[in-house]
Amino acid sequence: MAEGIALALRDLTKSYDGHAAITAVTLDVPPRATLALVGPSGSGKSTVLRIVAGLIAPDRGDVLMGDTLMNGATKRALRLRMGYVIQEGGLFPHLTAFENVALMGRELGWKEERVRGRVAELTGLVGLSPEMLARYPAQLSGGQRQRVGIMRALLLDPEVLLLDEPLGALDPLIRARLQEDLRDIVRRLQKTALLVTHDMAEAAYLGDEIAVLRDGRVVQRGTARDLLERPADPFVTEFIRAQRVLEAPR
Amino acid sequence: MKWIVLAATLLAVSAHAEGPRVTIGSKAFPESWILGEAAATLARRNGCVVEHRRNLGGTEIVYDALRSGSIDAYPEYTGTIAEVIVHASGHPPLPELRRQLAQQGIGVSEPLGFNDSYGIAVAPAVAQRLGLRKISDLAKHPDLRLGLTHEFLGRADGWPGLAHAYGIPAGHPLGIQHELAFQAIQAGKIDAMDVYTTDSWIERLGLVVLEDDRAFFPRYDAVLLYRADLARRAPQALVAIRRLEGKIDEARMIRANARVVLEKEDVAIAADSLLIDALGAEPQANTRSSRSIDLLRYLGQHLRLVAISLLAAILLGVPIGIVSARSPGLARILLAISGIVQTIPSLALLAFLIPLLGIGAGPALVALFLYSLLPIVRNTYTGLTTIPPALLESAEVLGLTPAARLRRIELPMASPAILAGIQTSAVINVGTATLAALIGAGGLGEPILSGIQLRDTAMILEGAIPAALLALAVQGAFDLLERAVVPRGLRLRSE
């Protein structure tokens with residue numbers, strides 16, 4: 001395994017009922033970098049992320065984290081090294097915010113003191129008011145739920161963050177705040193991240209690099225500037241233009 | 001919890017004993033109770049520890065109980081033995097019946113002295129208006145409204161054979177419970193009904209019993225059936241109960257029936273009077289428990305039936321629900337099986353279980369358990385399969401093992417549905433357990449059943465009201481339990 005690659009996707013291929021969802025997707029993410037996967041609905045970007053999370057098995061191809069190949073035997077150990085954030089945070093409604101965040105620590109037998117210390121640390125990091133910790137998900141706003149979801153993903157200090165449309169369901173102002181906070185957190189903690197989003201501006205803002213998917217294949221990979229200035233094919237140009245982000249941050 | 005302890009105590013108190021144990025059975029009507037109680041009293045006075053199980057529902061049930069050894073003896077009628085037990089054609093004589101039953105290890109006593117045959121009774125006004133005297137007169141009046149017991153409708157020596165023998169159009173007789181038929185004929189809702197010739201109501205209501213002019217009905221001489229091994233296990237009991245042979249004539253039996261049915265006398269006291277009447281036996285000051293003690297005992301039995309069967313259904317039903325939720329193929333099969341069990345009528349299920357498990361609490365517990373299973377399995381399955389997939393995936397990617405996911409995420413999230421299933425089962429169970437009295441398991445069905453036989457509304461309510469209150473209490477207890485068990489976060493509505 002080459003130095004300088006935190007997460008490698010090799011030749012991933014998956015089809016459902018003879019219909020190809022993704023074909024020969026090969027991507028790697030350097031340590032501490034964020035790679036954003038963008039593309040229209042049905043382009044296969046979520047399938048890629050779900051394979052990396054071990055939720056679906058590819059028909060062909062491999063996922064490697066560092067030196068470790070993901071398979072049935074290594075899956076659980078690898079999952080403890082990833083943090084997973086989905087829309088709305090994916091919080092368990094029967095647990096308080098605190099219990100949601102603390103869940104894996106308790107499962108792994110952490111001392112209560114250590115759990116409390118770690119949760120307090122994360123509360124400061126994501127900018128959540130501590131009194132929110134005692135609340136149930138139903139008593140939190142969308143933005144607060146998402147912050148708790150990020151805390152939960154960070155509890156075990158994972159190497160890799162998997163972010164599946166994490167800010168999808170939020171209204172624009174809160175979304176903008178969270179985008180800023182999320183970028184700060186990922187940079188400050190120096191996490192490797194794989195982000196799935198349909199929003200080109202978000203991809204450009206959060207991602208160091210962007211991979212554009214279309215019909216299950218990677219069309220182009222590069223920085224936002226690369227995509228704007230040297231689009232690999234007319235689809236990339238059209239996808240960027242359709243999202244009205246020609247003035248994306250440079 | 002207190003009730004369970006109380007029930008267990010009551011059970012323990014009744015269990016200790018000395019001397020050979022003898023169990024007498026009787027069917028679900030007063031004459032059978034009285035004869036059973038008389039036999040039980042005689043055996044008890046001869047040093048046996050005797051239990052009398054009343055209200056065993058129907059010939060098949062009580063005979064199966066005898067053959068399986070759940071009871072040692074019970075009163076029966078020769079006509080019923082011929083028709084229902086040995087399935088004989090014609091009217092075989094007693095020695096022939098005795099020979100056939102001996103092959104099954106069952107002994108038959110000499111006749112007790114009275115013939116309680118079937119008869120057809122007609123309301124007095126109707127009999128007078130149409131000039132009905134003989135059963136053959138019925139053929140001329142096909143529009144008469146008949147109310148017949150289910151057993152009479154079903155037996156070859158009942159309505160089908162009678163209608164055929166007399167050329168009466170079979171028509172559509174109403175199937176009705178025997179004691180309710182007396183109410184119906186009194187109220188003018190039916191014109192004729194089947195009766196037993198020793199029914200005390202015949203005289204009270206002035207019913208006209210039609211002459212069996214073609215001698216269709218066989219003799220129904222009362223006898224005692226007993227297990228052949230009783231002569232070895234408790235010879236004194238067998239000798240004692242056979243003292244009734246030839247001692248009870250029709251007049252004595254009708255008088256004893258009237259004491260119970262019309263004068264609302266306790267069965268034990270009526271049986272005592274019958275013994276004095278028939279044997280000149282020494283009167284026995286009967287230490288009958290008061291009604292309120294009875295009620296506690298019934299309630300204790302009832303709660304025990306409900307608690308044990310429900311607990312077993314939870315212990316098995318929740319795991320079955322979990323397994324079903326894991327495998328859609330298996331779920332279809334398991335849910336179909338428990339659904340089919342649910343559709344078996346409770347009485348039929350009880351009857352199936354008797355050859356396997358005898359009578360008493362055993363088969364009742366199994367039946368109640370089977371009925372309780374489906375709501376619990378189905379709700380567990382539904383509760384687990386309706387958790388949003390995204391949350392299950394989150395739990396998986398967090399690194400929780402399958403066991404931890406089940407314990408920390410899935411079961412707590414499904415708990416409202418599972419609890420609702422258990423609640424449904426518990427409430428149904430309290431109601432269905434009243435039928436357990438039919439197979440000698442006791443419970444609140446006991447006073448209901450006896451009350452129906454005696455047309456004693458107060459006695460029916462004595463069982464029905466506690467059963468209804470118990471159902472409400474169970475409902476309320478589960479509402480409280482829900483607050484304690486279901487995580488608070490699941491009861492909140494999203495803002």
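Just need a number here: residues in segment A:90-103 that are of a type in the set (Gly, Ala, Ser) and more than 9 Å from chain B (Cβ to nearest Cβ).
Taking segment A:90-103 and keeping what is of a type in the set (Gly, Ala, Ser), we get A:90, A:97, A:102.
Next, from what is left, pick out any that are more than 9 Å from chain B (Cβ to nearest Cβ): A:97, A:102.
Qualifying residue count for the region: 2.
Restricting the search to segment B:33-72, which residues are surrounded by fewer than 24 Cβ atoms within 10 Å (Cβ to Cβ) and either of a type in the set (Ser, Thr, Tyr) or free of Cβ contacts under 8 Å to residues at least 24 places away in the same chain (or both)?
B:Thr41, B:Arg44, B:Thr59, B:Ser68, B:Ser70, listed by residue number.
Table: residues versus (1) among the charged types (D, E, K, R); (2) buried (at least 22 other Cβ atoms within 10 Å of the Cβ).
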position: B:Ala414; (1), (2): no, yes
position: B:Leu419; (1), (2): no, no
position: B:Ala426; (1), (2): no, yes
position: B:Gly431; (1), (2): no, no
position: B:Ala437; (1), (2): no, yes
position: B:Gly442; (1), (2): no, yes
position: B:Glu446; (1), (2): yes, yes
position: B:Ser450; (1), (2): no, yes
position: B:Ile460; (1), (2): no, no
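Could you grab me the full set of residues in segment A:205-223 that are more than 21 Å from A:Leu9 (Cβ to Cβ) and crowded, with 22+ Cβ neighbours inside 10 Å?
Result: no residue meets the conditions.
If I go through segment A:142-165 residue by residue, how many of them are touching a residue at least 60 places away in the same chain (Cβ under 8 Å), outside any helix (DSSP H, G or I) and more than 10 Å from chain B (Cβ to nearest Cβ)?
Going through segment A:142-165 one residue at a time, the tally reaches 5.
Does B:Ala251 satisfy the condition of being modelled with pLDDT of 85 or more, among the aliphatic types (A, V, I, L, M) and assigned to a helix (DSSP H, G or I)?
no
Of the residues that make up segment B:99-112, is at least one surrounded by fewer than 21 Cβ atoms within 10 Å (Cβ to Cβ) and of a type in the set (Ser, Thr, Tyr)?
No: zero hits.
Across segment A:119-136, what is the total count of residues that are within 19 Å of A:Asp181 (Cα to Cα) and either aromatic (Phe, Trp, Tyr) or away from chain B (no Cβ under 14 Å) (or both)?
Total satisfying the criteria: 12.
It is to be established whether one or more residues within segment B:334-355 are within 30 Å of A:Ala57 (Cα to Cα), without any contact (Cβ under 8 Å) to a residue 40 or more places away in the chain, β-branched (Val, Ile, Thr) and part of a helix (DSSP H, G or I).
So the first thing to find is which residues in segment B:334-355 are within 30 Å of A:Ala57 (Cα to Cα), and the list is B:334.
In the following step, the residues that additionally are without any contact (Cβ under 8 Å) to a residue 40 or more places away in the chain were identified as none.
Within segment B:334-355 (the criterion being within 30 Å of A:Ala57 (Cα to Cα), without any contact (Cβ under 8 Å) to a residue 40 or more places away in the chain, β-branched (Val, Ile, Thr) and part of a helix (DSSP H, G or I)), the answer is no, since none of the residues qualifies.
Mind telling me which of the residues B:Ile320, B:Ile308 ends up being in contact (Cβ under 8 Å) with a residue 12 or more places away in the chain, surrounded by fewer than 21 Cβ atoms within 10 Å (Cβ to Cβ) and in a helix (DSSP H, G or I)?
B:Ile308
So, restricting to helices (runs of 4 or more DSSP H) that lie completely within segment B:358-411, which ones have at least 1 residues that are over 32 Å from the mean Cα position of the chain (by Cα), away from chain A (no Cβ under 14 Å) and not hydrophobic (A, V, I, L, M, F, W, C)?
Counting at least 1 such residues, we get B:361-385.
Just one of the numbered conditions (1) part of a helix (DSSP H, G or I); (2) aliphatic (A, V, I, L, M); (3) away from chain A (no Cβ under 14 Å) is not true of B:Ile418; which one?
It fails just one condition, (3).
Within segment A:58-103, count every residue that is farther than 30 Å from A:Asp171 by Cα and touching a residue at least 40 places away in the same chain (Cβ under 8 Å).
Qualifying residue count for the region: 12.
Among (1) surrounded by 20 or more Cβ atoms within 10 Å (Cβ to Cβ); (2) within 14 Å of chain B (Cβ to nearest Cβ); (3) polar (S, T, N, Q), there is one condition A:Thr34 misses while meeting the rest; what is its number?
(2)
Check every one of the helices (runs of 4 or more DSSP H) wholly within segment B:124-178 and list those with 2 or more residues that are over 33 Å from the mean Cα position of the chain (by Cα) and either exposed (fewer than 13 other Cβ atoms within 10 Å of the Cβ) or of a type outside the set (Ser, Thr, Tyr) (or both).
Fully inside segment B:124-178 and qualifying: B:124-130.
Just give me the residues in segment A:4-45 being part of a loop (DSSP other than H, G, I, E, B) and farther than 26 Å from A:Gly66 by Cβ, in sequence order. Walk me through it before giving the result.
Kept after step one, since they are part of a loop (DSSP other than H, G, I, E, B), are these residues of segment A:4-45: A:4-6, A:17-18, A:30-33, A:39-44.
Answer for segment A:4-45, where residues must be part of a loop (DSSP other than H, G, I, E, B) and farther than 26 Å from A:Gly66 by Cβ: A:Asp17, A:Gly18, A:Gly39, A:Pro40, A:Ser41, A:Gly42, A:Ser43.
Can you tell me which residues in segment B:457-495 are in contact with a helix residue (DSSP H, G or I) (Cβ under 6 Å, 6 or more places away or on another chain), within 14 Å of chain A (Cβ to nearest Cβ) and without any contact (Cβ under 8 Å) to a residue 60 or more places away in the chain?
B:Leu492, B:Ser494
The values are calculated or read from the model by the stated rules, or taken from the named source; none is laboratory data. Keep in mind that this is a model prediction, so the values were computed, not measured. Here the Cβ is made from the backbone with ideal geometry for all residues, glycine too, and neighbour counts use every protein chain on show.
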